[in-house]
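Read through the structure below, which is laid out as structure tokens, and then see the notes.
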Amino acid sequence: MNKVLDPQLMAERIESLKAGFLGCLCLAIAFFITALVNSSLAKYFNILSTFSLNTVDLRWFISAGIAAFCGLLFGVTYRYIIRSDKNFQLKSGGVLAFGLVRGLTQLDIGLSCGSSVLPLIIMGIESILWFGLAAFAIDTAFRFGWIQTFQSNNLFYDN
């Protein structure tokens, strides 16, 4: 049988795509909110002005696109990470893995450019919170049945 066109496998892909789009939407919304808050706070705290996106320009759209794409990848991966488990450590581990990778990358690039550490730490914390928000939304979608959890039943392996 052709595994590519298998209806059960296609259904799993659609559910993963739904989780990805939800993660994408959550991180895009979180990006817009934090960009607005950061721009507002940068007026009062000069140290935060280094990374504020004051105008909607190409850099802003690229940052928003990267955040949304990270959310898409997170949503798809999160669905496979937690499957139908109720393990809190597994769920929080997925959130921390994505949040820390994004946050530590920002820290590394910022430090190599000679930036102050405080805004970089704030951006790292924001990243973890973004993925936490996406995980909460995806878990809520699982509970309401809008997205089905991944059932490990050897879909990808021949017997």
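What to note about this one:
- First in region 30-47 and within 19 Å of residue 70 (Cα to Cα) and of a type outside the set (D, E, K, R), second anywhere and in a helix (DSSP H, G or I) and open to solvent by less than 70 Å² (accessible area, probe 1.4 Å), Cβ under 6 Å, 6 or more apart: 30/130; 31/64; 31/67; 34/126
- In the set (1) of a type in the set (Val, Ile, Thr); (2) farther than 30 Å from residue 147 by Cα; (3) in contact (Cβ under 8 Å) with a residue 60 or more places away in the chain, residue 117 fails one condition alone, (3).
- Residue match in region 126-140 (condition: of a type in the set (S, T, N, Q) and outside any helix (DSSP H, G or I)): no
- Residues in region 84-103 that are without any contact (Cβ under 8 Å) to a residue 24 or more places away in the chain and touching a helix residue (DSSP H, G or I) at 6+ places or on another chain (Cβ under 7 Å): 90 alone.
- Exclusive hit being open to solvent by 30 Å² or more (accessible area, probe 1.4 Å), over 14 Å from residue 138 (Cα atoms) and part of a helix (DSSP H, G or I), set 9, 36: 36
- There is at least one residue in region 101-122 that is closer than 16 Å to residue 28 by Cβ and either within 15 Å of the chain's Cα centre (by Cα) or in a helix (DSSP H, G or I) (or both).
- Scope region 18-33; condition modelled with pLDDT under 95 and either over 21 Å from residue 125 (Cβ atoms) or open to solvent by 70 Å² or more (accessible area, probe 1.4 Å) (or both); matching residues: 32, 33
- Test: residue in region 141-148 that is in a helix (DSSP H, G or I), surrounded by 14 or more Cβ atoms within 10 Å (Cβ to Cβ) and aliphatic (A, V, I, L, M): yes
- Residue satisfying all of: in region 60-92; of a type in the set (S, T, N, Q) and part of a helix (DSSP H, G or I); surrounded by the most Cβ atoms within 10 Å (Cβ to Cβ) among these: 77
The values are calculated or read from the model by the stated rules, or taken from the named source; none is laboratory data. These numbers come from a predicted model, not from an experiment. Using ideal geometry, Cβ is built from the backbone for each residue, glycine included, and neighbour counts are taken over all protein chains shown. Accessible surface areas use protein heavy atoms only, side chains included; no ligands, DNA or RNA. Shrake-Rupley method; radii C 1.70, N 1.55, O 1.52, S 1.80 Å.
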